[in-house]
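Visitor: Mind looking over this structure? Questions follow.
The values are calculated or read from the model by the stated rules, or taken from the named source; none is laboratory data. Computed from a predicted model, the values in this text were never measured in an experiment. Cβ coordinates were reconstructed from backbone atoms using ideal geometry, including for glycine residues, and neighbour counts include every protein chain displayed. Heads up: the accessible areas ignore ligands, DNA and RNA and are worked out on the full protein's heavy atoms, side chains in. Shrake-Rupley method; radii C 1.70, N 1.55, O 1.52, S 1.80 Å.
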Amino acid sequence: MRLAELSEHSGVPAATIKYYLREGLLQPGRRVSATQAAYGEGHLRRLRLVRALIQVGGVSVADAREVIAAAEDTSLDHHTRLGAATWALPGVPAPDSGDEAAEAARGAVDGVLARLGWDPERVEVAASPAYRTLLHSVAALARLGYPCGTEHLLPYGRLAAELAVTDLDLVFAEPSVDGQVEAAVALTVLYEPVLLSLRRLAHAEESARRIGGGGGEGDGPAGLSRPTPAAGDRESGPSR
C-alpha cells in the first residue's frame with residue numbers, strides 16, 4: 001500500500017506518519033520510485049503500536065523510539081529482549097539512599113521480593129525501572145503515614161505474581177519472537193490502564209457493599225453512584 005492508503009487504514013494523518021518515519025519509529029517502506037514507497041501489514045501493525053504507546057500510554061516520542069529500538073535489538077537473547085523493550089518505558093530515578101522513608105521502603109519492598117521467592121539477580125531488580133518506581137511509591141506512602149510494610153505489600157505482590165502468569169500466557173501465545181516482544185510492550189502499556197480502572201471499579205463496589213449503596217435517582221449499576229453536586233453548584237432556572 002502507498003502512504004495515503006497506510007494513512008487511510010490506520011487513521012493516522014500522512015503528515016504524522018512522515019514524522020514517525022523521520023524519527024525512526026516506523027521502518028521505511030520499500031522504495032518503488034524516486035518519490036514513492038510501498039508499505040505492508042507490518043508497517044500498519046507497527047504504526048498502531050506506536051500510536052498506542054504515545055496516545056494511550058502517554059509515552060513521549062523519544063521514549064517510544066527507545067522502546068522500538070530495544071524491541072528490534074536482535075543481538076539480545078529472548079529473555080533480555082523482552083525485558084529491554086518493557087524497561088525502556090519511562091520510569092523514575094531511584095530515591096535518595098539517605099532518606100529515612102526511602103530506606104524503609106527499600107526494606108519493605110526487598111522483604112516482599114524475598115517472601116515471594118523472586119531472585120533479584122535473575123530478574124535484575126536493581127536495574128529495573130519498575131523497582132525504582134515501586135520504591136518511590138512506597139516511600140511516599142511511608143511519609144504520609146500509611147501502612148506500607150512487607151506484610152501490607154505482600155498481598156499486592158501475590159496478586160501480581162498471579163497476573164504475571166496470565167500476561168505471559170498472552171505474550172507467549174504469539175508464534176514469533178518479534179510478535180512476543182511487541183506483545184510484551186503493548187500489553188505492558190495497554191493493560192495497566194485496564195488494571196487501574198478495574199481496581200477503581202472494585203473499590204466502588206466494595207465500598208457500596210460495606211456501607212450500603214444508594215438506590216436513588218442517578219445511581220449507576222451495582223451501587224456505583226455519581227457524586228451529587230452541592231446546592232450552589234447546581235444549575236438553577238430563572239428566578240421568578
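Visitor: Scan the range 9-27 and give yes if some residue there is at pLDDT below 85 and of a type in the set (S, T, N, Q), otherwise no. Let's see the steps before the verdict.
Guide: Start the filter on the range 9-27 by keeping residues that are at pLDDT below 85, which leaves none.
Checked the range 9-27: no residue is at pLDDT below 85 and of a type in the set (S, T, N, Q).
Visitor: Inside the range 141-154, can you point out the residues that are within 13 Å of ALA108 (Cβ to Cβ) and either in contact with a Cys (Cβ under 7 Å, 6 or more places away or on another chain) or surrounded by fewer than 13 Cβ atoms within 10 Å (Cβ to Cβ) (or both)?
Guide: Matches in the range 141-154: LEU141, ALA142, TYR146, PRO147, GLU151.
Visitor: Residues being open to solvent by 40 Å² or more (accessible area, probe 1.4 Å) and within 20 Å of the chain's Cα centre (by Cα): count how many of those fall in the range 115-125.
Guide: Residues in the range 115-125 being open to solvent by 40 Å² or more (accessible area, probe 1.4 Å) and within 20 Å of the chain's Cα centre (by Cα): 2 in total.
Visitor: With ALA64, ALA70 as the choices, which residue is over 16 Å from the mean Cα position of the chain (by Cα) and either under 17 Å from GLU182 (Cα atoms) or hydrophobic (A, V, I, L, M, F, W, C) (or both)?
Guide: Details: ALA64 fails: over 16 Å from the mean Cα position of the chain (by Cα).
One residue alone meets the criteria, ALA70.
Visitor: Might you let me know whether the range 166-175 holds any residue that is part of a helix (DSSP H, G or I), within 22 Å of VAL109 (Cα to Cα) and modelled with pLDDT of 95 or more?
Guide: no
Visitor: Test of understanding: among VAL112, VAL138, VAL59, which residue is part of a loop (DSSP other than H, G, I, E, B), touching a helix residue (DSSP H, G or I) at 6+ places or on another chain (Cβ under 6 Å), open to solvent by less than 50 Å² (accessible area, probe 1.4 Å) and not charged (D, E, K, R)? Before you say what the answer is, go through the steps one by one.
Guide: Values: VAL112 fails: part of a loop (DSSP other than H, G, I, E, B); VAL138 fails: part of a loop (DSSP other than H, G, I, E, B).
Selected residue: VAL59, the only one of VAL112, VAL138, VAL59 that is part of a loop (DSSP other than H, G, I, E, B), touching a helix residue (DSSP H, G or I) at 6+ places or on another chain (Cβ under 6 Å), open to solvent by less than 50 Å² (accessible area, probe 1.4 Å) and not charged (D, E, K, R).
Visitor: Determine which single condition ASP178 fails, assuming it passes every other condition in (1) more than 20 Å from the chain's Cα centre (by Cα); (2) charged (D, E, K, R); (3) farther than 25 Å from ALA108 by Cα.
Guide: It fails just one condition, (1).
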